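First comes the structure, then the notes that go with it.
The values are calculated or read from the model by the stated rules, or taken from the named source; none is laboratory data. Because the structure is predicted, anything quoted here is derived from the model rather than measured. Here the Cβ positions follow ideal geometry from the backbone for every residue, glycine too, while neighbour counts run over all protein chains shown.
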Amino acid sequence: MLRFNAAICGAAIVVLCSSVAMARPEVCASHSCAVDKAALGISIVGTASMYNPYRPGYREGGAETASGERYDSSAWAAAIQINLREDFGGVRQGRNAGYALVEGMNKKAIVKINDVGPLEPGRIIDFDERTMRYFDPTLRLGLIPNVKVTPLHGNHWTPGPVAEG
């Protein structure tokens, strides 16, 4: 009887240890994997455009973003539709900006959501010039259709391209 109880106890320990091992999160070997795991699961798909309040002919925005930061055309930043601001960090004056994973044109990038807009109907996100150049190096497209935008948890992200891996 003692051997039988020891066998049951041993089997229970093996099952318990394997359950704990199975419950451990997968370790991400790449930045891309970490980004995918941090995505909030809420994604929107639509058209992206570019804005630069310092560029002649642009009438949108001003020198300051909705978060209170100065507009920087080289910052890997974007403005999200105003009705989506809560899903993307609640962009407001004096509040930390949020971050998002943007996918389009077979490329991925992390952008800082520090402004609201876009001001044109039918668009879900406005990129700063650097971000737009990543997706459209010539800046000839003007609009990028079928862009997927997913908010990311936390504020520890480094904006820029996400290498596949």
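List of remarks:
- Restricting region 102-138 to residues that are within 16 Å of the chain's Cα centre (by Cα) and of a type in the set (V, I, T) leaves a set whose member that is farthest from G89 (Cα to Cα) is T131.
- Filter pass, D136 being crowded, with 22+ Cβ neighbours inside 10 Å and in the same structural domain as G68 (by TED's automatic domain parsing): no
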